[in-house]
Structures are given as C-alpha cells and as structure tokens.
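Have a look at the structure below before the remarks.
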Protein chains: 2
Amino acid sequence: MVKYEERLDRVFRALADGTRRALVERLAMGPASVTELAEPHGMSLPAIVQHLKVLEEAGIVTSEKVGRVRTYQLAPDALSVAGEWVGRQRLPAEQRLDRLDVLLAADPGTHRRPDSKES
Amino acid sequence: MVKYEERLDRVFRALADGTRRALVERLAMGPASVTELAEPHGMSLPAIVQHLKVLEEAGIVTSEKVGRVRTYQLAPDALSVAGEWVGRQRLPAEQRLDRLDVLLAADPGTHRRPDSKES
C-alpha cells in the first residue's frame, strides 16, 4: 500500500506545475524529442530535461534513446492511477450524474423514448 | 487562463500528500468536524487544521463554523477541474476503453445479447 501512496504523491506533485502539464498535453498527441518538447516553452534544454525527469520518475512518461536523440512518450495508463483516485472521491450524486453524461454521450441510441419504434 | 492554471497547480499540490488525500476520502462520505477528521490520524489538531487549510485554498473543501465547532465538507465539483484535465490527457485508445467500461458498469441492461427477450 505504501507503493501506491508513494506513486500518487509523485504523480500529483509532478502535475502541480504548468510546464510539466503542458509537456504531458503535448505527449498525449504523440512521442517527441527533447528539442521538440522544449521549443514552445522558450526554456533551456536542461530545464526541460529536469521537468521530464520528474515526469519519468512519476511513471507518467517513458523515454528511449536512439543514437543521439532521446524520445519521450506518454506511458500506457500514465495518469490512470490519478484519474481513478480522483473519480472515487466524488459525492454520490455527482457520480450518478457523471455516469449519465457518459451514457448519453457515448451511446444515445439506447436512450430513445419507450414509445419509439425500432424498424 | 492564469486562474485556471493556478487552480490546477493548487489542486494537484494539495493532493500530493497522503494525509490530505485521506481527509478528502473521509469527506467524500459526508461532512465532519476537525476533531472527527483528526481522530484516525493520530496527529495534533493544528497539524490537521493546516492540511485542511491547504485543501480549502485549493477549493477542494469548504468549512462552516457554528458556535465553537467548525465543520468541513467536500466542495461541490471539488475535484472536477483535476479529473477533467487528467481525463483529457489519455491516449485516444485508452479513452475509448474508458467509455466502454463506464457503459458496461452503469447500464448493463442495454448490453444484453440481441437474442435475449424482454418479458
């Protein structure tokens, strides 16, 4: 259980910074090199590398070095530990509304009125 | 936009601590006084009050003082800003699987096999 708590500590701490969140948003669209990740931030490469290190230690990103280029990507299930914890803390009434939202958005066809007919 | 980023900073920083997460878990079950919240932690009241202050500044809990008793409760939509941000960062394939999970869990009746009959 300690490991789970530690992982949550690290993930939430990693996300408590706007630059690191922007890096995650970029990597959610696909893998990128350090240079590509640094570009929009106007930060030095070492500063970006430091942020990426925090994300990697939290298990949010992974990296791979091919030749001289290190590429980062979002880890599979990168944020699921955080998402699941947050999802469990909603008040019961909110949870019911959330489920309804998802149902209506994902599968409107099953929610037709009882008097409508299938052809 | 700054306000939104600042709120995310505070919410994620507030959640990066096991005691504060335990307080949120307790308050998701219903309002409680400081004394009730302190009990399971074996911490001093001032230490718990300090954690509750961090949660309140992040907009996660609200408090109300009646007479000499201050009662805390989870704020409506307490963690939705964090949950929504996390939800958006999943890889596209994961998002589809998540929606399927919720559908199956929330409304199994609409997913019966086509050859089953309603009575």
For the stretch B:27-47, how many residues are without any contact (Cβ under 8 Å) to a residue 12 or more places away in the chain and within 11 Å of another protein chain (Cβ to nearest Cβ)?
-> 1
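Taking into account only those residues within the stretch B:65-77 that are hydrophobic (A, V, I, L, M, F, W, C) and more than 7 Å from every other protein chain (Cβ to nearest Cβ), which is surrounded by the most Cβ atoms within 10 Å (Cβ to Cβ)?
Selected residue: B:75.
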Would you pick out the residues in the stretch B:87-100 that are at pLDDT below 70, open to solvent by 90 Å² or more (accessible area, probe 1.4 Å) and facing chain A (nearest Cβ under 8 Å)?
-> B:99
Starting from the stretch A:48-70, keep only residues that are assigned to a loop (DSSP other than H, G, I, E, B), then list their pairs with residues that are open to solvent by 100 Å² or more (accessible area, probe 1.4 Å) whose Cβ atoms are within a distance under 9 Å, requiring at least 6 positions of separation or different chains.
-> A:58/A:10; A:58/A:13; A:59/A:10; A:60/A:10
Positions within the stretch B:2-25 being crowded, with 18+ Cβ neighbours inside 10 Å and either at pLDDT below 95 or more than 9 Å from every other protein chain (Cβ to nearest Cβ) (or both), in sequence order = B:20, B:23
Considering (1) part of a loop (DSSP other than H, G, I, E, B); (2) at the interface with chain B (Cβ under 10 Å from one of its Cβ atoms); (3) at pLDDT 90 or above, say which one residue A:84 fails and leave the rest.
-> (1)
Go through (1) open to solvent by 20 Å² or more (accessible area, probe 1.4 Å); (2) within 13 Å of chain B (Cβ to nearest Cβ) and name the single condition residue A:61 misses.
-> (1)
Name, by its number, the condition in (1) outside any loop (DSSP other than H, G, I, E, B); (2) at pLDDT below 90; (3) within 18 Å of the chain's Cα centre (by Cα); (4) more than 7 Å from every other protein chain (Cβ to nearest Cβ) that does not hold for residue B:109.
-> (3)
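The values are calculated or read from the model by the stated rules, or taken from the named source; none is laboratory data. Only a predicted model underlies this, so the values are computations on that prediction, with no experimental measurement involved. Reconstructed Cβ throughout: ideal geometry from the backbone, glycine too, with neighbour counts over all protein chains shown. For the accessible areas, the whole protein counts, side chains as well, though only heavy atoms, and no ligand, DNA or RNA atoms are used. Shrake-Rupley method; radii C 1.70, N 1.55, O 1.52, S 1.80 Å.
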